[in-house]
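Asks: There's a structure below that I have some questions on.
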Amino acid sequence: MKKICFLLLLLPAFQFVQAQNHQTLSDEGYQDNKIVFQVVTQDTLAHKALMKQLNNIRSVAPNTPIEVVCHGPGLYMLVSERTVIQKQLVEQAAKGISFVACEFSLKERNVSKDAVVPEANFVRSGALEIANKQRLGWSYLKAGF
Amino acid sequence: MKKICFLLLLLPAFQFVQAQNHQTLSDEGYQDNKIVFQVVTQDTLAHKALMKQLNNIRSVAPNTPIEVVCHGPGLYMLVSERTVIQKQLVEQAAKGISFVACEFSLKERNVSKDAVVPEANFVRSGALEIANKQRLGWSYLKAGF
Amino acid sequence: MKKICFLLLLLPAFQFVQAQNHQTLSDEGYQDNKIVFQVVTQDTLAHKALMKQLNNIRSVAPNTPIEVVCHGPGLYMLVSERTVIQKQLVEQAAKGISFVACEFSLKERNVSKDAVVPEANFVRSGALEIANKQRLGWSYLKAGF
């Protein structure tokens with residue numbers, strides 16, 4: 001009986017331990033990924049958040065190949081007169097991150113190639129580029145909220 | 001001639017049959033998936049919709065491994081004082097669904113680990129966690145509308 | 001010394017060349033993809049944008065297998081009385097693009113199967129259908145902005 005009472009007294013303590021029992025999961029394999037990001041939104045907050053995310057990823061896994069595909073309204077992230085992240089684009093491109101604009105989106109929005117930041121390249125189809133990268137083993141992340 | 005008239009009379013009936021010719025596609029393989037969900041939105045309607053979706057998935061494929069990765073504003077789905085789905089989190093975690101919060105997002109938003117629901121664990125980077133799971137054969141679904 | 005001055009004079013010209021040095025990346029492999037689209041939004045602009053995207057993809061890679069999975073509020077893209085893209089649905093379906101509605105979403109929204117456009121079929125779970133397609137090697141693209 002005394003034993004049971006003693007155990008009952010301990011219970012709240014155990015529960016407390018349980019409640020604080022957060023763990024950080026293993027990051028094994030984090031170095032081995034290739035990531036293709038899709039930007040379809042013109043929300044500049046999403047563009048800024050993506051730049052932070054690129055820094056975070058590279059701080060944990062410095063050699064991660066990353067391609068950022070902009071199409072639809074997301075194209076404006078790469079248009080010199082519209083982008084709010086010109087400085088970060090230069091920095092990220094210098095670190096080897098690839099930015100590409102969809103040629104269909106350029107045409108539909110009457111944006112000339114000269115209007116696109118010099119750090120970016122082009123792909124015939126943003127959607128097919130992202131699909132193709134996945135087929136080749138890249139992981140896909142859609143940017144935006 | 002009579003034959004043709006007869007066939008013409010039948011036409012509308014055939015069209016009706018065609019219009020109702022919906023099929024339910026095979027669900028073969030539905031039992032064999034592992035799913036990583038990404039929550040980046042703080043939209044509580046999206047959080048509630050996700051909880052329903054988890055129930056639906058498990059009702060069809062009860063042993064599906066599922067991990068829900070919350071980062072950016074999506075972090076608030078796992079913050080005790082902010083979440084609107086505390087009860088469902090407890091239930092889903094009890095069924096083996098894993099909820100993880102991104103440590104970068106905690107830091108950027110000045111959220112302490114103690115503020116996170118006890119059912120959740122942590123990952124160093126939400127983005128790399130999702131990328132890594134895809135590389136390991138998990139399917140990716142981005143939550144939200 | 002003269003040589004250095006000469007090179008310095010050339011620098012701006014090189015920078016200009018660099019600034020215009022956009023490339024269109026290779027589209028090798030674009031023909032080899034299968035794509036599953038997820039529609040969760042009821043935003044009709046997103047529905048229209050998706051129809052354009054389907055045309056673009058098929059113009060570059062005409063035989064790409066494509067399945068469009070509609071669930072949650074995205075279901076309304078396939079509901080006869082609600083959709084704004086009825087004509088395009090007929091055209092795309094005639095080209096072999098598959099449209100499917102999630103049966104869970106039908107039930108939750110009290111939408112009868114008869115209310116769904118005749119071009120569409122059904123799947124037991126939209127989420128599991130998308131996960132399953134990814135497991136089978138299809139690339140995933142979430143529609144919407």
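The values are calculated or read from the model by the stated rules, or taken from the named source; none is laboratory data. Here the structure is a predicted model, which is why all the values come from computation and not from measurement. When we count neighbours, we look across all protein chains shown, and the Cβ atoms used for this are built from the backbone with ideal geometry, even at glycine. All accessible areas refer to the heavy atoms of the entire protein, side chains included, with ligands and DNA or RNA removed. Shrake-Rupley method; radii C 1.70, N 1.55, O 1.52, S 1.80 Å.
Asks: Averaged over peptide A:119-126, how many Cβ atoms belonging to another chain are found within 10 Å of each residue's Cβ?
Replies: Mean partner shielding for this stretch: 5.
Asks: Measuring label to label, 7 Å along Cα→Cβ, what does residue B:95 give against each other copy in nm, shortest first?
Replies: Result, one decimal in nm: 3.9, 3.9.
Asks: Please report the buried accessible area for the interface of B with A, total over both chains, probe 1.4 Å, in Å² to the nearest 100.
Replies: 2600
Asks: Taking all protein chains as present, what is the carbon and sulfur share of the accessible area of chain B, in % to the nearest whole number, probe 1.4 Å?
Replies: Using a 1.4 Å probe with all protein chains present, chain B comes out at 56 percent carbon and sulfur.
Asks: Work through the residues other than residue B:138 whose Cβ is under 11 Å from its Cβ and net out their charges, Lys, Arg +1 and Asp, Glu -1.
Replies: Counting the neighbours of residue B:138, the net charge comes to +2.
Asks: Averaging over every viewing direction, what projected area does the convex hull of the Cα atoms of the protein assembly as shown cover, in nm²?
Replies: 30.6
Asks: Does chain C classify as rounded, prolate or oblate by the C-alpha gyration tensor (a ≥ b ≥ c root eigenvalues; a/c under 1.5 gives rounded; else a/b over b/c gives prolate, otherwise oblate)?
Replies: prolate
Asks: Hey, for residue A:28 with labels 7 Å out along Cα-Cβ, what do the inter-copy distances come to in nm, ordered shortest first?
Replies: Label-point distances to the other copies, shortest first: 3.5, 3.5 nm.
Asks: May I pose another question? Binned at 5 Å from 0, what are the whole-percent values of the Cα-Cα distance distribution for region B:96-145, short to long?
Replies: Calculated over all Cα pairs of region B:96-145, the distribution is 5, 18, 24, 26, 18, 9, 1 percent.
Asks: How far, in nm to one decimal, is residue B:58 from itself in the other copies if the label point is set 7 angstrom along Cα toward Cβ? Shortest first, please.
Replies: Sorted ascending, the copy-to-copy spacings read 4.0, 4.0 nm.
Asks: Name the shape class, rounded, prolate or oblate, that the alpha-carbon gyration tensor gives for region C:56-115, where a ≥ b ≥ c are the square roots of its eigenvalues, rounded holds for a/c under 1.5, and otherwise prolate holds if a/b is larger than b/c and oblate otherwise.
Replies: prolate
Asks: Net charge near residue B:121: determine it from the other residues with C-beta under 11 Å of the C-beta of residue B:121, scoring Lys and Arg +1 and Asp and Glu -1.
Replies: Once all neighbours under 11 Å are counted, the net charge is -3.
Asks: Would you compute, from DSSP H runs of 4+ residues alone, the mean residue ellipticity of the protein assembly as shown at 222 nm, taking -39500 (n - 2.57) per run and dividing by the full residue count, rounded to the nearest 500?
Replies: After summing the helix terms and dividing by residue count, I get -13000 deg cm²/dmol.
Asks: I've got another one for you. Determine which chain B residue has its Cβ at minimum distance from the rotation axis mapping B onto A, giving the value in whole Å.
Replies: B:142, 3
Asks: Something else: Given a cut-off of under 8 Å on Cα pairs at least six residues apart, what relative contact order in percent is computed for chain A?
Replies: Taking the mean separation of contacting Cα pairs over the length of chain A, I get 30 percent.
Asks: Same structure, new question: Tally Lys and Arg at +1 and Asp and Glu at -1 over the other residues with C-beta under 15 Å from the C-beta of residue B:65: what net charge comes out?
Replies: Its environment carries a net charge of +2.
Asks: Okay, moving on. Quick one: Cα centre-to-centre distance for region C:66-99 and region B:48-64, in angstrom?
Replies: First find each Cα centre; the distance between them is then 24 Å.
Asks: Put B:71, C:22 in order of accessible area, largest first, 1.4 Å probe: what do you get?
Replies: From most exposed to least exposed: C:22, B:71.
Asks: Can I ask one more? Lysines within cross-link reach of residue B:87: Cα-Cα under 26 Å, excluding same-chain residues under 8 positions apart?
Replies: Excluding near neighbours in sequence, the set is B:34, B:48, B:52, B:95, B:107, B:113, B:142, C:107.
Asks: Still on this structure, please answer the following. Compare A:76, C:140 by solvent-accessible area with a 1.4 Å probe and give them largest first, with all protein chains kept in place.
Replies: Largest to smallest exposure gives the sequence A:76, C:140.
Asks: Please state the charge dipole magnitude for chain A, taken about the Cα centre, from unit charges on C-beta atoms (+1 on K and R, -1 on D and E), reported in debye and rounded to the nearest 20.
Replies: Rounded to the nearest 20 debye, it is 400 debye.
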